[in-house]
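Trainee: Attaching a single structure in structure tokens format; questions to follow.
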């Protein structure tokens, strides 16, 4: 999967992570993109470390599940460290 694929997966998975953690979500679309890309990388690392698998192709379900899991973890850690909350 190329860099454009990681950006698309990161943006979508970051948005899903923000929807799952809606009361803790911060930032706009750029923060969502960055946290989503970092989350995809973290999800790939977690998958290779714990499940002996990695991110596959763009249309593979494990890619999306690992990226969403990683995005949720990164978003949770980010909001815990910064102490910020959404203004809704």
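Trainee: Could you list, in sequence order, the residues of the range 38-56 that are in a helix (DSSP H, G or I), more than 17 Å from residue 19 (Cβ to Cβ) and either touching a strand residue (DSSP E or B) at 6+ places or on another chain (Cβ under 8 Å) or touching a residue at least 24 places away in the same chain (Cβ under 8 Å) (or both)?
Mentor: 38, 41, 42, 44, 45, 46
Trainee: Which of the residues spanning the range 5-25 are at pLDDT below 80, surrounded by fewer than 18 Cβ atoms within 10 Å (Cβ to Cβ) and assigned to a helix (DSSP H, G or I)?
Mentor: Across the range 5-25, the qualifying residues are 5, 7.
Trainee: Of the residues that make up the range 28-39, is at least one under 14 Å from residue 12 (Cβ atoms) and exposed (fewer than 14 other Cβ atoms within 10 Å of the Cβ)?
Mentor: Yes - at least one qualifying residue is present in the range 28-39.
The values are calculated or read from the model by the stated rules, or taken from the named source; none is laboratory data. Computed from a prediction, not measured in an experiment: that's the story for all the values here. No Cβ is skipped: glycine too gets one built from the backbone with ideal geometry, and neighbour counts run over all protein chains shown.
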